[in-house]
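The block underneath contains the structure these notes are about, expressed in structure tokens.
The values are calculated or read from the model by the stated rules, or taken from the named source; none is laboratory data. These figures come from a predicted structure and were not determined experimentally. All Cβ positions, even for glycine, are placed from backbone atoms using ideal geometry, and neighbour counts span all protein chains on display.
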Amino acid sequence: MTEGWREVLTRGSGALTQFVRAAKQKQGDERSNHFPQWALLASECWETAQSVIVRIELPGTRKEDIDISVSRGHLQIRGERRSSSEHEARYYHLMERAFGRFERSIPLPPNIDAGRAEVSYEDGLITVILPKTETTPPTQLSIK
């Protein structure tokens, strides 16, 4: 039973993303303490014969506040989910939405062509399609 939970925690911890609030929200504003610092940015990554597809949920995040890149074999997703001033003027009894800057890194297989990637954003869902490169067959090397 313990091994099963360990697997759940290992897989789930990648989706938990820390949100970093602005310094002005951290100091002296008791209301900002009710905003969570962690949120679940659920994602999925799968492979077809032609490409690797990654989807990540970013509800409430504007397209212009998202930056996506591929670096060192990882898809890097950075952004900021902004809170409006109306959120700060309220006294919350429940607040489960996180606001602030975030970053998520998703490992990719080595055979992708990042230069031909396509990214779309619709209804809070980012889809990244990364075409695969041509695979080269293994080469037998002789010992001299």
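A compact table of results
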item	result
Sole exception among (1) under 12 Å from V70 (Cβ atoms); (2) without any contact (Cβ under 8 Å) to a residue 12 or more places away in the chain; (3) among the polar types (S, T, N, Q) for T136, by number	(1)
Every residue from the range 113-128 that is under 19 Å from L41 (Cβ atoms) and in a strand (DSSP E or B)	V119, S120, Y121, E122, L125, I126, T127, V128
Given (1) out of contact with any Gly (no Cβ under 8 Å at 6 or more places or on another chain); (2) assigned to a loop (DSSP other than H, G, I, E, B); (3) not basic (K, R), index of the condition P110 fails	(1)
Subset of the range 62-104 that is of a type in the set (S, T, Y) and modelled with pLDDT of 90 or more - its residue that is surrounded by the most Cβ atoms within 10 Å (Cβ to Cβ)	S69
